[in-house]
Amino acid sequence: MSVLYPLKFAPAYFEKIWGGQHVKTILHQDFGDLMNCGEMWLLSGLEGQNSIVCNGDFAGDELNDLIETFMGDLVGEDVFNKYGERFPLLIKIIDPLDNLSIQVHPDDELAQKIGLYNGKTEMWYVMNAEKGAKLVSGFNRDVTPKEFEEAVANKSVEGMLNYVDVHNDDAFFIPARKIHALGAGCMVAEIQQTSDTSYRVYDWDRIDRFGMKRELHIDEALATINFKKEDSGKVSYDKKTKNATVSLVKCPYFTTNLIKLDTKSALVKDYSELDSFVILMCTEGSFILSYENGTEAVRTGECILIPNVINKVEIISDGECKLLEVYIV
């Protein structure tokens with residue numbers, strides 16, 4: 001049997017009614033005959049959307065098949081015992097030319113009541129924000145379900161939403177049950193639980209190219225939304241720190257850190273005390289990942305999965321680069 005090594009995966013591209021062109025113009029990815037690419041999935045264990053390895057001896061193999069074979073050696077003993085062969089995270093890049101729908105996701109408890117594996121807590125790291133870009137994160141005041149339902153019916157829900165200005169390198173934590181939406185011109189890296197369940201509340205009355213409006217899920221949303229005012233979830237961190245690991249989000253579902261490297265810099269990472277896989281996602285520039293048996297190059301818009309059995313790596317930059325480090329504790 002071949003030895004585990006850092007794994008790269010072929011991305012999957014998805015056209016969206018709100019999707020843009022930055023996956024092509026900024027990330028230099030070819031999404032074929034699609035009119036746009038609203039979402040690029042970098043790493044997925046979702047049924048029917050299993051990521052496929054594109055480097056080394058396991059090229060062509062699906063992620064979940066490798067988990068079945070290597071178990072804790074790949075994902076960590078604790079992770080495997082909890083999640084089995086289903087990879088627990090979904091890593092995306094989202095590029096909205098237009099606003100996403102106002103939406104909400106269920107938590108684990110609500111999801112499991114309707115036969116789903118889990119809910120959807122997520123975070124965003126802003127890769128590229130155009131001037132004036134905004135997002136929605138929660139309400140601007142406490143509201144009642146009745147108030148909300150009436151606002152949806154008379155199309156005034158926008159007035160009760162919390163709008164936040166967005167800039168490059170901002171990060172936001174979006175727990176399940178929080179109403180939210182990305183705004184136009186805000187390309188983000190999204191780290192989330194493995195789930196594709198969203199309840200659309202308001203979709204700006206737009207129609208698709210076939211003249212159809214998308215389905216709304218008002219009843220499901222009413223049973224899911226936390227109607228209390230919360231903070232925006234914007235993460236406070238030192239954006240000037242370089243050549244070090246900076247914490248962004250720690251939650252039961254994932255830990256995400258940011259690493260910014262100067263030109264011709266290197267950072268050694270020791271994961272021997274961590275019982276988890278590690279994902280490194282390049283959000284700007286490029287880097288070389290060096291490990292005991294070789295090297296792998298990673299460029300903007302790509303990620304690499306470091307198996308649990310690899311304890312020590314070195315991240316080497318040529319020019320300046322930024323990357324997210326993601327794992328489970």
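Miscellaneous remarks
- Residue ID - surrounded by the most Cβ atoms within 10 Å (Cβ to Cβ), chosen from residues in the stretch 110-123 that are closer than 24 Å to TYR202 by Cα and touching a Gly at 6+ places or on another chain (Cβ under 9 Å): MET123
- Looking at GLY72, GLY84, just one residue is without any contact (Cβ under 8 Å) to a residue 24 or more places away in the chain, more than 25 Å from GLU220 (Cα to Cα) and surrounded by fewer than 20 Cβ atoms within 10 Å (Cβ to Cβ), and that residue is GLY84.
- Flag for ASP98 being assigned to a helix (DSSP H, G or I) and modelled with pLDDT of 95 or more: no
- Taking the numbered list (1) without any contact (Cβ under 8 Å) to a residue 60 or more places away in the chain; (2) crowded, with 18+ Cβ neighbours inside 10 Å in turn, GLU215 passes all entries but (2).
- Identity of the residue in the stretch 270-322, without any contact (Cβ under 8 Å) to a residue 40 or more places away in the chain and assigned to a loop (DSSP other than H, G, I, E, B), that ends up farthest from HIS28 (Cα to Cα): GLU273
- Every residue from the stretch 136-155 that is outside any strand (DSSP E or B), in contact with a helix residue (DSSP H, G or I) (Cβ under 8 Å, 6 or more places away or on another chain) and either farther than 12 Å from ILE179 by Cβ or touching a residue at least 40 places away in the same chain (Cβ under 8 Å) (or both): ASN140, ARG141, VAL143, PRO145, GLU147, PHE148, GLU149, VAL152
- Residues that are over 23 Å from GLY45 (Cβ atoms) and buried (at least 18 other Cβ atoms within 10 Å of the Cβ) within the stretch 287-299 comprise just one, PHE287.
- Residue in the stretch 239-257 that is hydroxyl-bearing (Ser, Thr, Tyr), farther than 30 Å from PHE70 by Cα and at pLDDT 95 or above present: yes
- ASP270 being farther than 30 Å from LYS312 by Cβ, at pLDDT 95 or above and not small (Gly, Ala, Ser): no
- Total residues in the stretch 190-205, condition within 15 Å of GLN103 (Cα to Cα), touching a residue at least 60 places away in the same chain (Cβ under 8 Å) and assigned to a loop (DSSP other than H, G, I, E, B): 6
- If you go through the stretch 101-124 and keep only what is under 14 Å from THR194 (Cβ atoms), part of a loop (DSSP other than H, G, I, E, B) and either within 15 Å of the chain's Cα centre (by Cα) or free of Cβ contacts under 8 Å to residues at least 24 places away in the same chain (or both), you end up with HIS105, GLY119, LYS120, THR121.
The values are calculated or read from the model by the stated rules, or taken from the named source; none is laboratory data. All of these numbers come straight from a predicted model, not from anything done at the bench. In this analysis, Cβ positions are derived from the backbone assuming ideal geometry, glycine residues included, and neighbour counts consider all displayed protein chains.
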